[in-house]
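Everything below concerns the one structure shown next.
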Amino acid sequence: MTRYRATLRLPGVRSLLLVVFLARLPMTAAGVTVILHVTTGLEHGFAAAGLVGSAITVGRSLGAPVMGWVVDRFGLRTMVAVTTTGESLFWLTAPAMSLPVLAVFGLIGGFVLLPVLCIGRQAMAALVPVEQRRTGYALDSILLDVTTVVGPILGVLACTRLGTENALTCLGIAVAAAGTLVFLVNPAVRADHEVAAERLPVRSWLTPRLLTVLAIGTAAMFVLAGMEVSIVASLSTHGAEDAAGLVLAVASAASMAGGLAHGGVRRSLSQVRLLVLLAVLCGCVGIAGTGVDLGASWWWLALALVPMATMCAPTLAATGERVAALAPVAVRGVATGLQSSAFTVGTAIGSPLIGLVVDHTAPAWGFAAAGAGGLLIAGTAIALLNRSSAATPAETASPVPSRAW
């Protein structure tokens, strides 16, 4: 724990972690709140809820790099003021919208979502020296695991106790409070010694190597999204959907344990190796499920997922660390936004594709397909990088050491 104590002693780190933890709670509560509002408040089906969720997701993936550019050019507070106002207005007016209007404005609202994930990662790169970033990003991933458990619980409680319309209003107020907190704290997104160039051509920093890192991040989220779908499908075959929260809680705890180990060692596995382990272990759950009905008992399923889950936080933390290492200071906001978009794309692709696999085969094959798909995405990206490096020898002279792969 020496590395964690040293990182937490750095100026601004503890306040940053507290601020982003609180600010991420509305974000993680939003998904289940929208689903419950559309299905119970507006009395439409889950397909309609998925349509609204997809609109918000598309808007978020498009908006994250733009908001990162705003941070790079105009500073954090300008971006926070714009997104806090926009997102708060969206949630506060959402109760008055019909389904078609909600879907259209969901795209706009998603574009101006407060990018708390990006803020935390960008500020961590500014506050923590390079040699301690692994520990810093591990802390960030661990807290993200906590919010992904706590946030949906708060969303469900608000919807069931207050009604979905009031829950959306509370969500808007919470976003306004979170944005105000970030605005007042104003965490540094650039270290004092970092000097940014005025303008950088996109080709000078959006290199094949950085694109490959982003693609591996997409692959990781593909695997995780497929895992969640397969968990629900496995339990649904026995009418035990309610136990999905327990299984995900066990997986989150395992992920936090893996994140602690990843951030506490001097040298850890590379992003690629962590992704391979994540995908292969997910596939192993599927192979085991073809011989044993894991969904018959939620705790058997939870135990089977523990080895894979320990790779979750380390893989995401390693992705953030690699993006921070490869992105120049002048475009760190855009690069972090692209990372957020890459994660969103992985989730958006993984959920429906693995759902399709489960619908036409069995839940166990969902785990197997999720692992195979993750390996396919990452493998394709790495193959394209190697081809690009062979075509342009100058790329191989990059200061990034080869052992990073």
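The values are calculated or read from the model by the stated rules, or taken from the named source; none is laboratory data. This structure is a prediction, so every number in the text was calculated from the model and none was measured. Cβ: placed from backbone, ideal geometry, glycine included. Neighbour counts: every protein chain shown.
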Selection within region 146-176 - more than 30 Å from Ala251 (Cα to Cα) and either of a type in the set (A, V, I, L, M) or surrounded by fewer than 17 Cβ atoms within 10 Å (Cβ to Cβ) (or both): Glu165, Asn166, Ile173, Ala176
I need the helices (runs of 4 or more DSSP H) fully contained in region 1-76, keeping only those with at least 1 residues that are in contact with a Lys or Arg (Cβ under 8 Å, 6 or more places away or on another chain). 2-8, 46-74
One residue is enough: does region 310-317 have a residue meeting the conditions within 17 Å of the chain's Cα centre (by Cα) and not in a helix (DSSP H, G or I)? yes
Being assigned by TED's automatic domain parsing to the domain that holds Gly63, touching a helix residue (DSSP H, G or I) at 6+ places or on another chain (Cβ under 9 Å) and either among the hydroxyl-bearing types (Ser, Thr, Tyr) or under 30 Å from Arg266 (Cβ atoms) (or both): is that true of Leu99 here? no
For Ala253, indicate whether it is surrounded by fewer than 21 Cβ atoms within 10 Å (Cβ to Cβ), out of contact with any helix residue (DSSP H, G or I) (no Cβ under 6 Å at 6 or more places or on another chain) and of a type outside the set (Asp, Glu). yes
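Determine which member of the set Val58, Val82, Val52, Val38 is in contact (Cβ under 8 Å) with a residue 40 or more places away in the chain and more than 24 Å from Leu157 (Cβ to Cβ). I'd like the intermediate steps shown before the answer.
Working: Val82 fails: in contact (Cβ under 8 Å) with a residue 40 or more places away in the chain; Val52 fails: more than 24 Å from Leu157 (Cβ to Cβ); Val38 fails: more than 24 Å from Leu157 (Cβ to Cβ).
Matching residue, one of Val58, Val82, Val52, Val38: Val58.
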Give the residue that is surrounded by the fewest Cβ atoms within 10 Å (Cβ to Cβ), with candidates limited to residues of region 256-270 that are under 21 Å from Gly371 (Cα atoms), of a type outside the set (Ser, Thr, Tyr) and out of contact with any Ser or Thr (no Cβ under 8 Å at 6 or more places or on another chain). Leu269
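Go through region 287-304 and give me each residue that's surrounded by fewer than 24 Cβ atoms within 10 Å (Cβ to Cβ) and part of a helix (DSSP H, G or I).
Answer for region 287-304, where residues must be surrounded by fewer than 24 Cβ atoms within 10 Å (Cβ to Cβ) and part of a helix (DSSP H, G or I): Ile287, Ala288, Gly289, Thr290, Gly291, Ala296, Trp298, Trp299, Trp300, Ala302, Leu303, Ala304.
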In region 178-222, residue nearest to the chain's Cα centre (by Cα) [restricted to those that are surrounded by fewer than 18 Cβ atoms within 10 Å (Cβ to Cβ), in a helix (DSSP H, G or I) and among the polar types (S, T, N, Q)]: Thr180
Give the residues of region 96-108 that are surrounded by fewer than 24 Cβ atoms within 10 Å (Cβ to Cβ) and either of a type in the set (A, V, I, L, M) or closer than 23 Å to Arg24 by Cβ (or both), sorted by residue number. Ala96, Met97, Leu99, Val101, Ala103, Val104, Phe105, Leu107, Ile108
Output for region 332-365, where each listed residue is surrounded by fewer than 23 Cβ atoms within 10 Å (Cβ to Cβ), within 15 Å of Val232 (Cβ to Cβ) and within 15 Å of the chain's Cα centre (by Cα): Thr347, Ser351
Could you look through region 256-312, keep only residues that are polar (S, T, N, Q) and out of contact with any Pro (no Cβ under 8 Å at 6 or more places or on another chain), and pick out the one that is modelled with the highest pLDDT? Thr310
Just one listed residue, out of Gly350, Gly320, Gly373, is in contact with a Lys or Arg (Cβ under 7 Å, 6 or more places away or on another chain), in a helix (DSSP H, G or I), assigned by TED's automatic domain parsing to the domain that holds Ile231 and modelled with pLDDT of 85 or more, and it is Gly320
It is to be established whether one or more residues within region 110-128 are β-branched (Val, Ile, Thr), part of a helix (DSSP H, G or I) and surrounded by fewer than 18 Cβ atoms within 10 Å (Cβ to Cβ). no
Yes or no: region 223-238 includes at least one residue that is modelled with pLDDT under 85, outside any helix (DSSP H, G or I), surrounded by fewer than 23 Cβ atoms within 10 Å (Cβ to Cβ) and of a type outside the set (A, V, I, L, M). yes
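Is it the case that Thr40 is of a type in the set (Ser, Thr, Tyr) and either surrounded by fewer than 23 Cβ atoms within 10 Å (Cβ to Cβ) or under 21 Å from the mean Cα position of the chain (by Cα) (or both)?
Numbers: of a type in the set (Ser, Thr, Tyr): yes; either surrounded by fewer than 23 Cβ atoms within 10 Å (Cβ to Cβ) or under 21 Å from the mean Cα position of the chain (by Cα) (or both): yes.
Yes, satisfied.
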